[in-house]
Amino acid sequence: MRVEIKEIKKYFGDVRANDGINFQLESGNIYGILGENGAGKSTLMKILSGYQSQDSGDILLDDKAILFDSPAAGLFAGIGMLYQDPLDFPPFNILENYLLGKSKNINLNFSSAAKQVSALADQYGFEVDIKAEINTLSLGERQQLELVRLLAEGAQLLILDEPTTGISAEQKEQLFTSMRRMAYDEKKIIVLVSHKLDEIQELCDHAFVLRKGKLVGQSEVPCPNERLVEMMFGSLPTRRERHPSVHDEVMLEIKDLKVATYRIQIDGISFTVNKGEVLGLAGLEGSGQGLLLRACAGLEEIDGGEIIVDGEIINDQEYHQRRENDVAFMGSGRLEEGLITGMTLTEHMVLAAEEHDFVINWKQAEVETKSKINTYQVIGQSSSTADQLSGGNQQRFMFSMLRTPLKLILLENPTRGLDVRSTNWIWEQLYERRSDGTAIVFLSADLDEVVDRSDRIAVFSGGKMSRIVNANETNVDELGHLIGGQE
Amino acid sequence: MNNSELIAVLASILLQASPLMIAVMGETISERAGMINLSLDGTMLLSAMAGFIAAYETGNVWLGFLAAMIVGAFFALIIAFGTINLKQSQVAIGFVLTILGDDLSAFLGQNYTRLPGPTLGRYSVPILRDIPILGDLLFNQNVVFYIAVLLTIFVWWFLNKTQPGLQLRSVGERPEAAFARGVNVNLIRYAYSIAGGALVGFAGAAYSLAIKIGWSEGHTRGIGWIALAIVIFGGWAPIRGAFGAILFGATKTLATVLQSKFPEVSVVAFNAIPWILMIFVLLLVSNEWVEDMILKLPKRFHRPLRKFLRVSPPLALGEEFEKK
């Protein structure tokens, strides 16, 4: 089998998810598709597997153009996709899950399904208890089962979307072994979608790197990490000059912090951030930097260590208490976590106010909202609902609701999806707050932003934090090493 | 109470539970496909009325049932269209239809109240009726009872043993995954909403043509809500739902018996018994310690017990599906 992707384009509104992508896949190879979140990997794979259709461009399967109207059609043509969260049916048992949609017969033939599943599972070294219900299985087992199903349906091209997130090391080894076998012994095409460099290096023969909807490079792998990092993030910009405003006193101190989730764990990290300092957290998405921010904000329970803000241990304070005590958090999901869809700006202002009267003085609230809208240059009316604003204006409006002064601001992707002007404006606002002694800790998927805006940088990789480097002394080689998990 | 009286009471419990079982089956298949038909109470009133009038005018009970099924299917169609095509809330539309069905049945049926009409009678199954006790209990019953039992078995078989049944469940659990398997999600939702609605309509007519013969305003009021509750109580499973309906009928009868024994206590208090019992059972079953208890038993009992005791609604119940 040979697959050719030609000039694939897919736009969602103004967002160019795929902006003319070309490449080829040949039998017997394992390919890696690498890119940060939002680079367009998932969209491309969904198009290839029939879950979405492209706006323009062609997919050629052995030189024949194909267009799938559903994933079932894609699988029928031999292209199967394993989603990060497998598309199975948790309340079903394994055989029901396997049989669904498989045949046109009215009667379900459980005994022959049991034989098929067992035989395939044996062949690839998976252990399955065929009577089990899906919701009693681990994520790794569900993936194995879904793979078995795709193989049984005759998939020749298998796409695996971030398959190692949330599975055990042992299951990962098993998965990789079976993937090698499928590619090298059975001459199938395997495509691994990932943002984890080490996996791509370990497993793949060839990597394609996507950035902002375009194929920006490709390389035989293994190859030096820096090469891939440079393709993923582009070359680093020169840092703009600005006044450092770091005070001598410590604002945030983290001591031996431990946080564990089922996906990733932080096991004992310590650092300090001074008043007026900006600490940027870099790393591939989901490497632990988000967990750290959320732990500081009180949104993630910690398993050990201390979080000290301005000399006070805040471990036991809940999110709302921390907020009262001038620790602010802004997540990257603006409409999910920051603003309330369907509520007007004035209503937001009233909710966010530090003091509440039982009866709302709407006239006064509106006057205040209008003045905030002016000061923060939000394009929108006090009567607009939050979801009517553009992304940049939502972000501006969220900043307008932050109280002054603050001790600590925690930010996730503060300028994601914003234009240059809004981005600069938001950082000016943030820098202005440093004179109050506010410390800023932020993470960004955009490495340029981290390097350009921080005083110091900490890099996360697989839950571990690197040494902290000075932003004006580092370079792409050093960061590439750190992002790849090498000291 | 002697033996034959006891058998008569039990037989009547089964008969009273039969239309409820049919309505529960209808709602079960609809909800397993992810569609809540909240309009049951209104649908049943309107179809009880329509069924009675059609049978009365034509003199044919089966045409009465057919008319009732069309009414039920039509209401379900409105819900399916409103939610799948117009993206409105299932609960909102269902609730409005409940009220509409109630009022419409009172209005349209006002000239047909308290009239004698054709009825569906009793049928004795040859040979089987001669089995002692069971014969009188199960095989000398109204036709509605046989229909309810056969329907329950059929729905159980259909849901658990057939490919279309599996597809039905898949769209109620995870429509996007069902779509990925080549299942036409919204078509299936339409089909089983309508089929479920038709069964609910049949159940409505079963009252006016067999169980509580005739028509009067508010003839079956409240029964639809009971059926909705029993679907939940039955954990969206047909056999459990049928038992729920029978249990409900039994506690109702118990309430009547108790009431004659304790005339000084208000009727309302006894009527609350089935509900209190249901809430109690639901709390019991959803409690953590059930799982603890299951785990203490030998391993081979775990799965069947869990299947029998644990209740969870279809994961995508009430959620709309849109192809991306």
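The values are calculated or read from the model by the stated rules, or taken from the named source; none is laboratory data. Everything numeric here is computed off the predicted structure, so don't read it as measured data. Here the Cβ positions follow ideal geometry from the backbone for every residue, glycine too, while neighbour counts run over all protein chains shown. For the accessible areas, the whole protein counts, side chains as well, though only heavy atoms, and no ligand, DNA or RNA atoms are used. Shrake-Rupley method; radii C 1.70, N 1.55, O 1.52, S 1.80 Å.
What distance in nm lies between label points placed 7 Å from Cα along the C-beta direction at B:ASN2 and B:ASN184?
6.2
Please give me, ordered by residue number, the GluC sites (Glu not before Pro) of the stretch A:302-382 that lie in loop per DSSP and have at most 15 other Cβ atoms within 10 Å. Before the final figure, lay out each step's value.
Values: sites: A:GLU306, A:GLU312, A:GLU318, A:GLU324, A:GLU336, A:GLU337, A:GLU347, A:GLU354, A:GLU355, A:GLU366, A:GLU368; in loops: A:GLU318, A:GLU354, A:GLU355.
Here the GluC sites (Glu not before Pro) that fit, given the DSSP loop and packing criteria, are A:GLU318, A:GLU354, A:GLU355.
Heavy atoms only, probe 1.4 angstrom, no DNA, RNA or ligands counted: give me A:ASP248, A:ASP387 ranked by accessible area, highest first. Provide the component values of the computation, followed by the final result.
Details: A:ASP248 145, A:ASP387 65 Å².
The ordering from most to least exposed comes out as A:ASP248, A:ASP387.
Looking at the protein assembly as shown, send over the antiparallel percent of its DSSP beta bridges, to the nearest 5.
60
Ignoring ligands and nucleic acids, what accessible area does A:VAL216 show with a 1.4 Å probe (Å², nearest 10)?
60
Find the centroid of the Cα atoms in the stretch A:53-113 and in the stretch B:257-280, then give the distance between the two in whole Å.
Answer, in whole Å: 54.
If the viscosity is 1.002 mPa s and the temperature 20 °C, what Stokes-Einstein diffusion coefficient in µm²/s follows for the stretch A:397-487 when Rh is the Kirkwood radius over Cα pairs? Mind showing how you got there, number by number?
Values: Rh = 14.3 Å.
Reported coefficient: 150 µm²/s.
Please work out how much accessible surface A:HIS206 shows to a 1.4 Å probe, ignoring ligands, DNA and RNA, in Å² rounded to 10.
Solvent-accessible area, nearest 10 Å²: 30 Å².
By Kyte-Doolittle mean hydropathy of at least 1.6 and Cα axial length of at least 18 Å, which whole DSSP H helices of chain B are selected?
Details: long enough: B:3-32 (41 Å, 0.95); B:40-58 (26 Å, 0.97); B:61-80 (28 Å, 2.54); B:90-108 (26 Å, 1.53); B:143-161 (26 Å, 1.91); B:185-206 (31 Å, 1.16); B:238-261 (34 Å, 0.66); B:273-286 (20 Å, 2.75).
Long hydrophobic helices here: B:61-80, B:143-161, B:273-286.
Loop only per DSSP, at most 12 neighbouring Cβ atoms within 10 Å: give me the GluC sites (Glu not before Pro) in the stretch A:427-482, ordered by residue number. Before the final figure, lay out the partial values.
Values: sites: A:GLU428, A:GLU432, A:GLU449, A:GLU473, A:GLU478; in loops: A:GLU473.
Qualifying residues, ordered by number: A:GLU473.
Kindly sort A:THR177, B:THR83 by accessible area of their heavy atoms, largest first, with the probe set to 1.4 Å. Kindly include the intermediate steps, with their values, before the conclusion.
On the way: A:THR177 80, B:THR83 5 Å².
Ranking A:THR177, B:THR83 by accessible area, largest first, yields A:THR177, B:THR83.
Assuming R0 = 60 Å, can you tell me the calculated FRET efficiency for the pair A:LYS64 and A:SER383, based on Cβ-Cβ distance, to the nearest 0.05?
Values: r = 55 Å, r/R0 = 0.92.
Step by step, r from the Cβ atoms, then E = 0.65.
For an R0 of 30 angstrom, estimate the FRET efficiency from the Cβ-Cβ distance between A:SER138 and A:PHE110 and round to the nearest 0.05.
Working: r = 23 Å, r/R0 = 0.78.
The computed FRET efficiency comes out at 0.80.
Taking R0 as 30 Å, what's the FRET efficiency between A:SER371 and A:GLU428 from their Cβ-Cβ distance, rounded to 0.05?
Values: r = 19 Å, r/R0 = 0.63.
Efficiency, rounded to the nearest 0.05: 0.95.
Say we join alpha carbon atoms closer than 10 Å with springs in a Gaussian network model of chain B; which of B:GLU176, B:GLU27, B:GLU291 then has the biggest fluctuation?
The residue that fluctuates most here is B:GLU291.
Please compute the modelled spin-label separation between A:ASN470 and A:ILE308, points set 7 Å along Cα→Cβ, answer in nm with one decimal.
Simple spin-label model gives 2.5 nm for this pair.
Calculate, in whole percent, how much of the Cα-Cα pair population of chain B lies beyond 39 Å.
On the way: 7343 of 52326 pairs.
For chain B, the fraction of Cα-Cα distances above 39 Å is 14 percent.
Taking just the alpha carbons, could you work out the radius of gyration and Dmax for chain A, both in angstroms?
That works out to 25.0, 76 Å for Rg and Dmax.
Choose one answer from B:MET69, B:MET278, B:MET293: the residue with the largest mean-square fluctuation in a GNM of chain B with alpha-carbon springs under 10 Å.
B:MET293
Counting protein heavy atoms only and a 1.4 angstrom probe, how many square angstrom of accessible surface do chains A and B bury in total, to the nearest 100?
Working: alone 22620 and 16390 Å², together 36490 Å².
Buried surface at the A/B interface: approximately 2500 Å².
How big is the gap, in Å, between the Cα center of the stretch A:251-287 and the Cα center of the stretch B:288-304?
Comparing the Cα centres of the stretch A:251-287 and the stretch B:288-304, I get a distance of 42 Å.
What is the spin-label model distance, in nm, from B:LEU297 to A:THR165 if the labels are put 7 Å beyond Cα along the C-beta direction?
Label at B:LEU297, label at A:THR165, 3.9 nm between them.
How do A:LYS41, A:LYS372 rank by accessible surface area computed with a 1.4 Å probe, from largest to smallest? Mind dumping the intermediate values first?
Numbers: A:LYS41 10, A:LYS372 65 Å².
Sorted descending by solvent-accessible area, the residues read A:LYS372, A:LYS41.
Keeping all protein chains in the complex and leaving out DNA, RNA and ligands, what accessible area do you get for A:LEU150 with a 1.4 Å probe, in Å² to the nearest 10?
Estimated to the nearest 10 Å², A:LEU150 gives 10 Å².
For the stretch A:310-362 and the stretch B:72-122, what is the centre-to-centre distance using only Cα atoms, to the nearest Å?
Using only Cα atoms, the two centres lie 47 Å from each other.
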